[in-house]
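Right, one structure below, let's go through it.
The values are calculated or read from the model by the stated rules, or taken from the named source; none is laboratory data. On a predicted model such as this, the values are computed, not experimentally measured, just so you know. Please note: Cβ atoms are built from the backbone with ideal geometry, for glycine as well, and neighbour counts cover all protein chains shown. The area values use the complete protein model at the heavy-atom level, side chains included, leaving out ligands, DNA and RNA. Shrake-Rupley method; radii C 1.70, N 1.55, O 1.52, S 1.80 Å.
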Amino acid sequence: MVPVVSDLLLNDLQMSGVGSLQQQLYQQLHRHIVGGRLVSGARLPSSRQLAQSMGLSRNTVSLVLDQLKAEGYLESHMGRGVFVSTELPSMAVDHLPDSPSLPLPELSSYADLLGDLEQDNGPKDLPFAPGIPDVKAFPMAIWARIMRRHVDRLALQTYDSDQGYQPLREALTHYLRESRGVRCDSDQIVITQGAQQAISLCAQVLLNRDDPVLLEESGYRGARTAFEAHQCRLMPAMVRNNVLDVAALPSTTQAKLLYVTPTHHYPLGGILSASDRLRLLQWAASAQTWILEDDYDSEFNFVGKPVAALQGMAAQTPVIYMGSFSKTLLPALRLGYLVVPKALASVFTKAKNAMSGETPLLTQAAVAEFLEEGHFVRHLRKMRRHYHGKWRQAQSLLEQYCGEHIQIVAESAGMHLVICFEGVSDRVLAREFYKKGYGSTPLSSYQLVQKSHLNAVEESRQGPNHVGINGLVLGFSNTTEQQRIDGIKTLSALIKKLTKTGS
Ligand SMILES: Cc1ncc(COP(=O)(O)O)c(C=O)c1O
């Protein structure tokens, strides 16, 4: 599409008052072309419109346009109008302010850090990509009806509470108390833009730069990036038997916070036992360390009975609880929540105000009604059965086609399976699987400290039950039956081929 010079830009053409009107208009247009505000290929208004908006005679405008055409800054196209030249005179280009030779002012040290990270621009929702719910199973008709009911409510078109829409906080309180055993009132809930903002807020409110933070090893990369962004010092908290090794936590520590996924370790899927949970709470109290409990995937538990949240196991715990609607509803909602001690609700709300302001109101109102009307609990019940079926089938296909080459991590979480193997690098396998059209994440990428950096003592502490760090995390929730069959056959063929070539 041809860019058209806007009224705003025309209003910006300020006559300097120095020299003739013709000279002044020439200088203005020339400055805007050379400065890049009038982009190459943009169509100028007609000389009549220009004259009218600038309060000049049409003759003056025509003379200026002719001069700029003669100099190569503008060009006419018969019957279409006057355009900024697509090939500007070299003198003009040399002076463009975004010329790469002009050095830009320095960036922050955080931006330097981000520059070193790989950016993943590939599609995120390929079959077997971890963490993608089956959006086709979402009750879209109900959702659309609720959205229609709220979309033109005037009360939702303005600013609201930074802490979150009150009816949503109330509906969530009810759900979290009933279903997750969380001890909370609605004034302890802060609505966030997904789990990611929840973690970032915790970093901002609870930690200073260079403060040590304990992260499960292996663990959630989103937590790692949030704490890294806050320039905290990341320390591994070892995982054993697919859960945090509570006994191995240092009795004295400088760490100000421990991030943990007790209900379903991410990504290995283990569930922390009740006795370990109590021990963890005691440890946190005596070590004076915050626990950030990410209640990841708790709704989809296929092994044993549902386990209540750590936060609710005792009163007055140093636990900040967090959850997200990304898996239980839709990732695109970007909606999550924190439950913080009452005394901290105000400071968290202020931090949220500074970070992002409110969470979109329409989404909050629709989700509140979805919860209030019981659709949420019904949807979870349906998805539990749905994912359980997929989980069983994916396990048996993996055993059937890849069994001799892999070990399946039995207690894996509700939306993905973890397989471990030797003889082929997990990063190479993930790359080759991607080339065939499937997602997956190499297990080694969840590791804070790469295996080669572990010393002998740490390696021996991991013990024989520590799952190897060479494996794949395979999301089954967003796969169809046919994709599971085809994908796992493809994976099997790749493992066999790559193991032979020793990649
Ligand atoms: C451990 C863990 N927590 C939370 C989330 C949800 O993140 P968000 O709410 O930012 O989408 C994910 C998503 O993959 C996750 O793996």
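Among the numbered conditions (1) modelled with pLDDT of 95 or more; (2) open to solvent by 10 Å² or more (accessible area, probe 1.4 Å), the only one that Leu491 does not meet is (2).
Condition test on Glu404, is it without any contact (Cβ under 8 Å) to a residue 12 or more places away in the chain, part of a loop (DSSP other than H, G, I, E, B) and farther than 29 Å from Leu280 by Cβ? Considered against the rule, which asks whether it is without any contact (Cβ under 8 Å) to a residue 12 or more places away in the chain, part of a loop (DSSP other than H, G, I, E, B) and farther than 29 Å from Leu280 by Cβ, Glu404 comes out as yes. In region 323-332, the count of residues that are without any contact (Cβ under 8 Å) to a residue 24 or more places away in the chain and within 24 Å of Ile199 (Cβ to Cβ) is one or more. Quick check: anything in region 33-56 within 15 Å of Gln23 (Cα to Cα) and among the polar types (S, T, N, Q)? For region 33-56, residues within 15 Å of Gln23 (Cα to Cα) and among the polar types (S, T, N, Q): absent. Filtered by the rule that a residue be closer than 24 Å to Ala284 by Cα, open to solvent by 20 Å² or more (accessible area, probe 1.4 Å) and assigned to a helix (DSSP H, G or I), region 317-353 gives Lys342, Ala343, Leu344, Ser346, Val347.
Against the test of being more than 16 Å from the ligand (Cβ to nearest atom) and surrounded by fewer than 14 Cβ atoms within 10 Å (Cβ to Cβ), the options Glu358, Glu399, Glu372 yield a single qualifying residue, Glu399. The residues in region 216-225 that are part of a strand (DSSP E or B), within 11 Å of the ligand (Cβ to nearest atom) and surrounded by fewer than 24 Cβ atoms within 10 Å (Cβ to Cβ) can be counted, and the count is 0. Please work out if Thr363 is within 15 Å of the ligand (Cβ to nearest atom) and open to solvent by less than 50 Å² (accessible area, probe 1.4 Å). Yes.
Among the residues making up region 407-420, those that are surrounded by fewer than 21 Cβ atoms within 10 Å (Cβ to Cβ) and not in a loop (DSSP other than H, G, I, E, B) are Gln407, Ile408, Cys420. So which residues in region 284-316 are within 16 Å of the ligand (Cβ to nearest atom) and outside any loop (DSSP other than H, G, I, E, B), if there are any at all? Passing the criteria: Ile291, Leu292, Glu293, Asp294, Leu310, Gln311.
Is it the case, given these coordinates, that Ser346 is more than 13 Å from the ligand (Cβ to nearest atom) and of a type in the set (S, T, N, Q)? Here the answer is yes, as Ser346 does meet what is asked.
Scanning region 236-279 for residues that are over 26 Å from Gly304 (Cα atoms) and out of contact with any Asp or Glu (no Cβ under 9 Å at 6 or more places or on another chain), we see that the one that is most open to solvent (accessible area, probe 1.4 Å) is Thr252. Note on region 317-327: residues that are of a type outside the set (A, V, I, L, M) and more than 10 Å from the ligand (Cβ to nearest atom) amount to 3.
Only one of the numbered conditions (1) within 16 Å of the ligand (Cβ to nearest atom); (2) in contact with a Phe, Trp or Tyr (Cβ under 6 Å, 6 or more places away or on another chain) is not met by Val260, and that is (2). With respect to Cys202, is the statement that it is hydrophobic (A, V, I, L, M, F, W, C), away from the ligand (no atom under 16 Å from the Cβ) and buried (at least 16 other Cβ atoms within 10 Å of the Cβ) true? No: the conditions fail for Cys202.
Given Ser57, Ser90, Ser53, which one is closer than 22 Å to Met15 by Cα and at pLDDT below 85? Write out each step before concluding.
On the way: Ser57 fails: at pLDDT below 85; Ser90 fails: closer than 22 Å to Met15 by Cα.
Ser53 is the lone residue from the list that is closer than 22 Å to Met15 by Cα and at pLDDT below 85.
Looking at region 239-249, can you tell me whether even one residue there is modelled with pLDDT of 95 or more, more than 11 Å from the ligand (Cβ to nearest atom) and acidic (Asp, Glu)? Within region 239-249, one or more residues are modelled with pLDDT of 95 or more, more than 11 Å from the ligand (Cβ to nearest atom) and acidic (Asp, Glu).
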